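The values are calculated or read from the model by the stated rules, or taken from the named source; none is laboratory data. What you see is a predicted model; the values in this text were computed from it and never measured. Counting neighbours? That spans all protein chains shown, and the Cβs are built from the backbone with ideal geometry, glycine included.
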């Protein structure tokens, strides 16, 4: 093996290790929604091993994933080769994972920001989509608490001025 090939192989292993250990969900699906890649974050939060999900659709694995809605979100990613963004404020979650901080957290499930990214083949065709899942539970909880505090403050100011 040449030094260049060995360097490429080492870099590939680093990238795979990083994808498996990053605190962000990474899923790759094909155009029909069949799972091709399932990283450690997804395994940890879903309780499903990559071998449990590979080549099964998200729709059969997770009943909360609305097939029609997700396919509509995927369409421009495939056709226009553009990323699509879904914030927790638009839709609280794609995968209904339990909040993994139930003692300190006030929420039952994980709020998520999602990025759908096109993955092109060597011919430039989009055959797969990368789904990146960010845990936004702390942000969502803080914002909801801030909004509730604002409502209470407004009510108290109204009572004082009456």
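Results, tabulated for the structure shown:
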item	result
Qualifying position, being farther than 22 Å from residue 29 by Cβ, crowded, with 17+ Cβ neighbours inside 10 Å and out of contact with any helix residue (DSSP H, G or I) (no Cβ under 8 Å at 6 or more places or on another chain), among 152, 132, 137	137
Members of the range 90-124 found to be part of a loop (DSSP other than H, G, I, E, B) and in contact (Cβ under 8 Å) with a residue 40 or more places away in the chain, listed by number	92, 95, 97, 100, 110
Residue in the range 58-81 that is surrounded by 15 or more Cβ atoms within 10 Å (Cβ to Cβ), part of a strand (DSSP E or B) and touching a residue at least 24 places away in the same chain (Cβ under 8 Å) present	no
Test: residue in the range 9-27 that is in contact with a helix residue (DSSP H, G or I) (Cβ under 7 Å, 6 or more places away or on another chain), under 22 Å from residue 125 (Cβ atoms), modelled with pLDDT of 85 or more and part of a strand (DSSP E or B)	yes
Cross-chain or 6+ apart pairs with Cβ under 9 Å, the range 10-25 first and at positive phi and surrounded by 10 or more Cβ atoms within 10 Å (Cβ to Cβ), then modelled with pLDDT of 80 or more and not in a helix (DSSP H, G or I)	none
Lone qualifier among 44, 4 - being more than 19 Å from residue 139 (Cα to Cα) and at pLDDT below 90	4
Filter result for residue 111 (in contact with a helix residue (DSSP H, G or I) (Cβ under 8 Å, 6 or more places away or on another chain) and within 18 Å of residue 41 (Cα to Cα))	yes
Pick from the range 92-124, criterion out of contact with any strand residue (DSSP E or B) (no Cβ under 8 Å at 6 or more places or on another chain) and surrounded by 14 or more Cβ atoms within 10 Å (Cβ to Cβ), ranking: modelled with the lowest pLDDT	105
